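This report concerns only the one structure given below.
The values are calculated or read from the model by the stated rules, or taken from the named source; none is laboratory data. All of these numbers come straight from a predicted model, not from anything done at the bench. When we count neighbours, we look across all protein chains shown, and the Cβ atoms used for this are built from the backbone with ideal geometry, even at glycine. All accessible areas refer to the heavy atoms of the entire protein, side chains included, with ligands and DNA or RNA removed. Shrake-Rupley method; radii C 1.70, N 1.55, O 1.52, S 1.80 Å.
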Amino acid sequence: MKKILSFAIVLITLHSCKKEKAEYNPTTVENGSGTLYYQEANTPNNTNWYSASEMIGLSLPNISKSADIQKNIVFGFYNKGDEYGIYSPDNFPKMYGQENWQTRLSIKFRKTNLTIVQMQEWADQYQEKLPPQLIVEEWKKGYNERNYITHPQEGETYAFRSNDGKLTALMMITSVNSFFTSIGFVIWIAK
């Protein structure tokens, strides 16, 4: 009985010493605007992938050249039928080269209740540099978590985060053209 009790005390002690994994706290925010274009052909004009490091849309041929670029692609734009929308790199509906990337991020999106007016007020208040914690808080308040956004509409806002939590962002859709071949947005990425 003493051995069992001693063993239980050791287990309890070890368990209480185990540290909780701390949540990553971003310290910087980069902001920008972007437009992604989708074409069926895999050409340099098909800039349907967004880079969190370069803050621009890139084409698959350009991304495929560098593992450093691949690990910073946060989403892709696709416009075919009911699958029209924005997708995590690990969940893009069509494979035509990105399956060979060395790294494909896993991104989760959440819808937010933020309005265009609120986003504009924050942009003015913080002179376009939103505080990192504000972005993280909006992620936490978001709902309907998925690894894609289908049928995004102008004025909608989304938060997204990488699985490791080292990248959290807010994005507001600013335009969707009538043929659904391009989508525009403003974005704030906390790193």
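When the residues of the stretch 1-46 are narrowed to those that are hydroxyl-bearing (Ser, Thr, Tyr) and open to solvent by 100 Å² or more (accessible area, probe 1.4 Å), which ends up modelled with the lowest pLDDT?
Once the filter is applied, the top-ranked residue is 27.
With 160, 185 as the choices, which residue is of a type outside the set (Asp, Glu), open to solvent by less than 10 Å² (accessible area, probe 1.4 Å) and in contact with a Lys or Arg (Cβ under 7 Å, 6 or more places away or on another chain)?
Going through 160, 185 in turn, just one is of a type outside the set (Asp, Glu), open to solvent by less than 10 Å² (accessible area, probe 1.4 Å) and in contact with a Lys or Arg (Cβ under 7 Å, 6 or more places away or on another chain): 160.
Spot the failing condition for residue 86; the list is (1) among the hydrophobic types (A, V, I, L, M, F, W, C); (2) outside any helix (DSSP H, G or I); (3) in contact with a helix residue (DSSP H, G or I) (Cβ under 9 Å, 6 or more places away or on another chain), and only one is missed.
It is condition (3) that residue 86 fails.
Given the conditions (1) open to solvent by less than 70 Å² (accessible area, probe 1.4 Å); (2) over 22 Å from residue 180 (Cα atoms); (3) in contact with an Asp or Glu (Cβ under 7 Å, 6 or more places away or on another chain); (4) not in a strand (DSSP E or B), and given that residue 134 satisfies all but one, which numbered condition is not satisfied?
That leaves (3) as the condition not met.
Would you please name the residue that is nearest to residue 114 (Cα to Cα), looking only at residues in the stretch 137-191 that are of a type in the set (D, E, K, R) and in a loop (DSSP other than H, G, I, E, B)? Show your work before the answer.
Of the stretch 137-191, the ones of a type in the set (D, E, K, R) are 137-138, 140-141, 145-146, 154, 156, 161, 164, 166, 191.
Adding the requirement that they be in a loop (DSSP other than H, G, I, E, B) leaves 154, 156, 164, 166, 191.
Working: 154: 13, 156: 8, 164: 24, 166: 22, 191: 21 Å.
Applying the filter and picking the extreme gives 156.
Test residue 176 against the stated conditions and say whether it is more than 16 Å from residue 74 (Cβ to Cβ), surrounded by fewer than 16 Cβ atoms within 10 Å (Cβ to Cβ), among the aliphatic types (A, V, I, L, M) and over 16 Å from the mean Cα position of the chain (by Cα).
no
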